[in-house]
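The values are calculated or read from the model by the stated rules, or taken from the named source; none is laboratory data. As the structure is a computational prediction, the values presented were derived from the model and not from experiment. Cβ placement follows ideal geometry from the backbone for every residue including glycine, while neighbour counts extend to all protein chains displayed. SASA here: full protein model, heavy atoms, side chains in, ligands and nucleic acids out. Shrake-Rupley method; radii C 1.70, N 1.55, O 1.52, S 1.80 Å.
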Amino acid sequence: QVQLVESGGGLVQAGGSLRLSCAASGIIFSRYTMGWYRQTPGKQRELVAEITSGGDTNYADSVKGRFTISRDSAKNTVYLQMNSLKPEDTAVYYCNARAWFGNDWGQGTQVTVSS
């Protein structure tokens, strides 16, 4: 049974930082591309950042230079370091584990950036 458990969300002022964590269990972590997505009410879920098992990364243009995704295979955990946060970064952030044979989601964690 796949479990993705996010943590680290919260309320922060504009310009501040947060680090999200996603602990994965029930999967062979090294086989998955891990990603962070976000969603606001009335909008589609969008990719924020992803990292392959080999460490290649991909970022949404809106977060390049501010967010950094990383993974720790020893802990089966993926991180999203978010710096220089803006009010438009406010959303529910979801962890995603993707492989050719499966696609799983965490329950989401709220990030709110006040102006």
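Table for the structure above
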| read-out | value |
| --- | --- |
| Within the range 26-46, considering residues that are open to solvent by 50 Å² or more (accessible area, probe 1.4 Å) and either part of a strand (DSSP E or B) or β-branched (Val, Ile, Thr) (or both), the one modelled with the lowest pLDDT | Ile28 |
| Residues satisfying the stated conditions in the range 10-25, i.e. of a type in the set (Gly, Ala, Ser), assigned to a strand (DSSP E or B) and either open to solvent by 60 Å² or more (accessible area, probe 1.4 Å) or at positive phi (or both) | Gly10 |
| Count - residues of the range 47-59 that are hydrophobic (A, V, I, L, M, F, W, C) and either touching a helix residue (DSSP H, G or I) at 6+ places or on another chain (Cβ under 7 Å) or open to solvent by 20 Å² or more (accessible area, probe 1.4 Å) (or both) | 1 |
| Extreme residue, most open to solvent (accessible area, probe 1.4 Å), among residues of the range 60-115 that are farther than 17 Å from Ser21 by Cα and either part of a strand (DSSP E or B) or basic (Lys, Arg) (or both) | Lys64 |
| Every pair of residues 6+ apart whose Cβ atoms lie under 9 Å, when the first sits in the range 70-81 and is touching a residue at least 40 places away in the same chain (Cβ under 8 Å) and closer than 15 Å to Tyr37 by Cα while the second is part of a strand (DSSP E or B) and among the charged types (D, E, K, R) | Val78/Arg71; Val78/Asp72; Tyr79/Arg19; Tyr79/Arg71; Tyr79/Asp72; Leu80/Arg19; Gln81/Arg19 |
| Lone unmet requirement of (1) within 13 Å of the chain's Cα centre (by Cα); (2) at pLDDT below 95 for Arg19 | (2) |
